[in-house]
Each structure stands twice: as structure tokens, then as C-alpha cells.
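Contents: one structure, followed by commentary.
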Amino acid sequence: MAIIMDGKATSAKVRADLAQKTIEFKEKYGYAPGLAVIIVGEDPASQIYVRNKKKACEEVGYNSFEYALPEKTTEEELLKLIDELNSDKKVHGILVQSPTPRHIDEKKIQLAIRPEKDVDAFHPVNVGKIMIGDYDFVPCTPAGITELLDEYGIETCGKSCVVIGRSDIVGKPMAMLMLHKNCTVTVCHSRTPDVAKVTKEADIVISAVGKADFVKGDMIKEGAVVIDVGMNRNSQGKLCGDVVYDECEKKAAYITPVPGGVGPMTITMLMKNTLKSAQLFAEK
Ligand code: NAP
């Protein structure tokens, strides 16, 4: 039976620590860290994410600035707002909730955010910094996973790690972080001919595919660490990950559940990046 890596409890612990650090920050500098969240349009899932980010800010003691813009907002208008926030001293992190409406080029938006306020770490400058291992911010989901690995004292040095998925926000930065943690890293994707052959040899399997029941029990070795990033709906409409949990938890040494594993860590890491940004600005 695997040890369950509890993302909810770890997240609560990190938030409590951030709340304490925020009190100290406020005492030292006289103001709170600030996060600006921009949402364009009325996508219901995005609205929930934005609400959760606001709640997280309140919990740790940050100022949150929410900009709910109508669907018809032009790219130019959005860029103008980002420009204003880039030079606003009260704002240390800027985030534009994805997806934006089709007429807005997300790449252009990512490039417009000042790298020092890019708490999502999507700007090419921050992506490059992650590559060379000299970074201030890490994309929130991979950052949450490394935090969980550390919390559970999982040895990574010299271990083999397979990351399934190569997206810019999860798979690629995750692979890079595990490389910095001295793992021997393999990245699988949709053109990998035999994913199971690779995962069966791995000490750590991180699945970020987005397909329910993708990682089955016979795809992992005894004693592996299994991290499930997937957020899918099963045939009954219930939230589930990529991993067949019942099969894998019998063989794994550690496993993350869905829900309650990686998910709760993501917004918490956004909070961590925002405090880091505020500290860097304050020390300038
Ligand atoms: P994505 O951009 O759709 O990437 C999925 C990756 O999976 C791609 O690299 C794709 O390969 C690969 N893939 C697809 N089918 C495959 C197959 N049969 N074998 C091997 N690889 C395959 O998704 P994402 O944004 O990285 O997100 C992945 C999952 O994580 C989703 O379920 C998402 O909802 C979830 N997620 C969760 C959190 C959280 O906080 N818990 C945060 C972000 C994402 P190609 O590149 O070859 O197409």
C-alpha cells in the first residue's frame, strides 16, 4: 500500500508559512504583496479559478486586484492594462487567466508581462532561466510537485524519472526541474511508441497527459513514486486523474490522489511566486 501524498495538507502548511512571512514582510516594508488577476470573458471554469486565486490571496494576506474584462475587450486594451500594471508599485505579480478569447494572442500577452512580475513563469525570459537552473519563478504545477516531493522526503538524486507529457506549462518545465534535482529524465509524448516500456523502469512517474485511466498498474514498477497531474472527468462525470489509482497504489511506494494531490498545490505556488516577486522588488 502506497503512502498517499496529501496535497491539501501540504498546501495548507505552505500557506500558513506564507501567511507568517507576509506578516513579517508587511512589518518590514509597510505594505502587502499584490497580485493582479485579469480575466477576459465569462468562461465559468476560469471564473472559479480566479475566485480561488482571490481567496488564496486573502488567506495569506496579499492584496488582490481583479480585472474582469468583457469578452469583446481588444488585444490592444488588454496590452494597455498590462502595461499599466507593469509599472504599478502595488502589483508584484500579474496573471492573465487562460484561455483568453480567440481574438487575443496569448503568446503576445505572455511577452507583454514584465518578467519580474510573471508569477506564472510563462515569459520566455523565465522559461530560459529555468533551463539554466537560475530562476526566481517556476510554473505553479511543476513547482507544486517538487514541493510535494520535498515534503515527503523523496530522494531524487540518481533516480530515473519519466514525465509523460511535454506541454510548456507542465511537462517541459517539470522535466527540467527533475533534471536540476539530479534525476535521469525521460520525457514521453504522443509519438512515444511504447510508453509502458519506459515507465516500467522508472523510479518516479509523473503523468501530465489529460486522459483518464492512462497509467495502469502494470505500467509501473514496485516501489515507484507516482505523481498524477491529470484533471479529467470519468464516464460518471467525476473528477479523476490519468492514473488508475486502485491498481497503482498497490504497487507504488508513494502516490498522489486526484482530487487532493497536485491540484491544491498549484494556486499555493502562485502565492509563493508572488511573495518572492514582492521580496525581489522590495530589495531592489
Ligand atoms: P496538454 O497541453 O494537452 O499536453 C498533454 C501532453 O500529453 C502532450 O504533450 C501530449 O503529447 C501528451 N500525450 C497525449 N496523448 C498521449 C499518449 N497517448 N501517450 C503519451 N503522451 C500523450 O496538457 P497539459 O496542459 O500539460 O495538462 C495535462 C493534464 O494535467 C490535463 O489533464 C490538465 O487538466 C492537467 N493539469 C492539472 C493541473 C493541476 O493543477 N492539477 C495544472 C495543469 C494541468 P504531444 O505533445 O505529442 O501532443
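The values are calculated or read from the model by the stated rules, or taken from the named source; none is laboratory data. All of these numbers come straight from a predicted model, not from anything done at the bench. Here the Cβ positions follow ideal geometry from the backbone for every residue, glycine too, while neighbour counts run over all protein chains shown.
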Residue hits (segment 213-238; under 18 Å from residue 189 (Cβ atoms) and among the aliphatic types (A, V, I, L, M)) are 215, 219, 227, 229
Q) Scanning for something out of contact with any strand residue (DSSP E or B) (no Cβ under 9 Å at 6 or more places or on another chain), of a type outside the set (Ser, Thr, Tyr) and within 9 Å of the ligand (Cβ to nearest atom), does segment 163-183 turn up at least one residue? A) yes
Determine whether segment 198-205 contains at least one residue that is within 14 Å of the ligand (Cβ to nearest atom) and under 25 Å from residue 128 (Cα atoms). yes
Of (1) surrounded by 14 or more Cβ atoms within 10 Å (Cβ to Cβ); (2) without any contact (Cβ under 8 Å) to a residue 40 or more places away in the chain; (3) of a type outside the set (Ser, Thr, Tyr), residue 236 satisfies every one except (1)
- Would you be able to say whether some residue in segment 32-49 is in a helix (DSSP H, G or I), touching a helix residue (DSSP H, G or I) at 6+ places or on another chain (Cβ under 6 Å) and either touching a residue at least 12 places away in the same chain (Cβ under 8 Å) or under 30 Å from residue 254 (Cβ atoms) (or both)? no
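Going by the structure shown, is residue 273 under 19 Å from the mean Cα position of the chain (by Cα) and surrounded by 21 or more Cβ atoms within 10 Å (Cβ to Cβ)?
Yes; evaluated as a whole, the condition is true for this residue.
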Of the residues in segment 90-110, those that are touching a Gly at 6+ places or on another chain (Cβ under 9 Å) and surrounded by fewer than 18 Cβ atoms within 10 Å (Cβ to Cβ) come to 90, 99, 101
Just one listed residue, out of 164, 130, 206, 220, is buried (at least 19 other Cβ atoms within 10 Å of the Cβ), on the phi < 0 side of the Ramachandran plot and over 17 Å from the mean Cα position of the chain (by Cα), and it is 220
Does segment 258-265 contain at least one residue that is crowded, with 24+ Cβ neighbours inside 10 Å, in a helix (DSSP H, G or I) and either at pLDDT 95 or above or touching a helix residue (DSSP H, G or I) at 6+ places or on another chain (Cβ under 7 Å) (or both)?
yes
Checked pairs for segment 162-180, first closer than 15 Å to residue 191 by Cα and free of Cβ contacts under 8 Å to residues at least 40 places away in the same chain, second near the ligand (Cβ under 10 Å from one of its atoms) and not acidic (Asp, Glu), C-beta under 6 Å and 6 or more apart or across chains, list as 166/172; 166/187; 166/189; 171/163; 171/165; 171/208
Next item on the list: Report yes if residue 242 is within 11 Å of the ligand (Cβ to nearest atom), of a type in the set (Asp, Glu), touching a Lys or Arg at 6+ places or on another chain (Cβ under 9 Å) and on the phi < 0 side of the Ramachandran plot, otherwise no.
Entry: yes
Checked segment 260-274 for anything in contact with a strand residue (DSSP E or B) (Cβ under 9 Å, 6 or more places away or on another chain) and either under 17 Å from residue 126 (Cβ atoms) or more than 9 Å from the ligand (Cβ to nearest atom) (or both); matches are 260, 270, 271, 273, 274
